[in-house]
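Written below as structure tokens is the structure these notes are about.
The values are calculated or read from the model by the stated rules, or taken from the named source; none is laboratory data. Just so you know, these numbers come straight off a predicted model, no measurement behind them. Cβ atoms come from the backbone with ideal geometry, glycine included; neighbour counts cover every protein chain shown.
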Amino acid sequence: MVSAKIDNIILQGIGVSAGIAIGQAKIADRARVAVVETAVKRHEIPLELDRLKKAMALAKTELEGVKEAVAAKRGDEHLHHIDTHLLLLDDAMLVEETSALIEKEGINAEGALKRTLHRLKNFF
């Protein structure tokens, strides 16, 4: 019998739930996601606010799809992480502050969201 060589890698990070996990891991490098803040012309601000609203709705729809798929495969006990992200998308402070930055600073939705998340991260 021939056995396959398996290279194990031990990853360390911030724990989000108790216990250990064995299986495939996906590594997300947030440093590679570049968010470019750009100016938005005053007459384009309503369009930018609409773009933010649609993007957040799409993200919510996609997360709900992931939630259904995970529930079908793994059961309800793994859904609290997805529920947390869904709650964030409905958070009034996140939505209102991001929208206010678009309106007051005249910047794009991505830049406004990045600023808002940075401020909230430092706040909490």
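Observations, loosely collected:
- Whenever a residue of region 95-124 is at pLDDT below 95, its partners that are part of a helix (DSSP H, G or I), lying with C-beta atoms within less than 8 angstrom and at least six residues away or across chains, give the pairs Leu117/Leu94; Arg119/Glu97; Leu120/Met93; Leu120/Leu94; Leu120/Glu97.
- Ala71 being of a type in the set (Gly, Ala, Ser), surrounded by 10 or more Cβ atoms within 10 Å (Cβ to Cβ) and in contact with an Asp or Glu (Cβ under 6 Å, 6 or more places away or on another chain): no
- Hey, Ala31 out of contact with any Ser or Thr (no Cβ under 6 Å at 6 or more places or on another chain), modelled with pLDDT under 70 and closer than 30 Å to Ala109 by Cβ or not: yes
- Top-ranked residue of region 67-86 - restricted to ones that are among the hydrophobic types (A, V, I, L, M, F, W, C) and at pLDDT below 95, ranked as farthest from the chain's Cα centre (by Cα): Ala72
- Scan of region 33-73 for residues that are outside any helix (DSSP H, G or I) and either at positive phi or in contact (Cβ under 8 Å) with a residue 60 or more places away in the chain (or both), ordered by number: Val35, Val36, Glu37, Thr38, Ala39, Val40, Lys41
- Residue, surrounded by the most Cβ atoms within 10 Å (Cβ to Cβ), within region 74-108, restricted to residues that are of a type in the set (Asp, Glu) and assigned to a helix (DSSP H, G or I): Glu97
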